Amino acid sequence: MILELKFILILAAVLLVLGLILSYLSTLADKKEDSAEKRIEMLLPGINCGQCGFPGCSAYAKALADKKAAPNLCRPAGADVAKQLGVLVGDTNAAYGDYEEQLFSPRQVAYIHENSCTGCGKCKRKCPVDAIAGVLKEAHMVDPDLCIGCDDCINTCPEKCIEKIRLDHDLSHFNWNIHSVQIKSGS
Ligand code: SF4
Ligand code: SF4
Ligand code: SF4
């Protein structure tokens, strides 16, 4: 009988400790869920298009939480979300006026002027999404479908032969704005 009682007590103690550990882990998860970065990310569209200049919404959310980026860089999110982001990160001075024009404009991508390119390969090494192709000492090229328009290659090129160009207006180049369709309740 005493042996059984001891076993029950030990079992209860083990369960109690396990419960405490699980509760601690759940608190940690809640804290993470509630972090500034997480709250920022929940406001972003989640389409990972890279138009903000970061390789995806998570990266932009992290940069915003670390105060390393402006809150008005996500065009697909729209001006309202940008303003909310500004309040969240304590930066309400960013400009939002040009959103309409940019929302309905095609993406901008890097373009290499082949005649001036020496093929040094610096841009290719710098590109975060591997959008630049070319072999050393020959002209390089940007794949517009992959380019996220981050400007890294432009800032790196010693020949200054890369510029941003705006892609043609067509469906594949459209800046999809998932917040632009407002569902209104029927009257
Ligand atoms: S522009 Fe907006 S939707 Fe696109 S990757 Fe950046 S944060 Fe995400
Ligand atoms: S702008 Fe240049 S570095 Fe940035 S994704 Fe496009 S090609 Fe790559
Ligand atoms: S950095 Fe400039 S010069 Fe060098 S390969 Fe790229 S485009 Fe050409």
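The values are calculated or read from the model by the stated rules, or taken from the named source; none is laboratory data. Keep in mind the model is a prediction, meaning the values are calculated, not measured. Ideal geometry is used to build each Cβ from the backbone, glycine not excepted, and the neighbour counts take in all protein chains shown.
A quick yes/no check of all residues on (1) in the same structural domain as CYS157 (by TED's automatic domain parsing); (2) of a type in the set (S, T, N, Q); (3) at pLDDT below 85:
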position: GLY46; (1), (2), (3): no, no, no
position: GLY50; (1), (2), (3): no, no, yes
position: ALA70; (1), (2), (3): no, no, no
position: ARG75; (1), (2), (3): no, no, yes
position: GLN84; (1), (2), (3): no, yes, no
position: TYR96; (1), (2), (3): no, no, yes
position: GLU114; (1), (2), (3): yes, no, no
position: VAL135; (1), (2), (3): yes, no, no
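Please enumerate the residues belonging to region 73-94 that are within 12 Å of ligand 1 (Cβ to nearest atom) and either farther than 20 Å from CYS147 by Cα or basic (Lys, Arg) (or both).
Hits for region 73-94 are ARG75, GLY78, VAL81, ALA82, LEU85.
Restricting region 45-72 to residues that are within 8 Å of ligand 1 (Cβ to nearest atom) and of a type in the set (A, V, I, L, M), the residue that is surrounded by the fewest Cβ atoms within 10 Å (Cβ to Cβ) is ILE47.
Restricting region 112-168 to residues that are over 17 Å from CYS49 (Cβ atoms) and of a type in the set (Asp, Glu), the residue that is surrounded by the fewest Cβ atoms within 10 Å (Cβ to Cβ) is ASP168.
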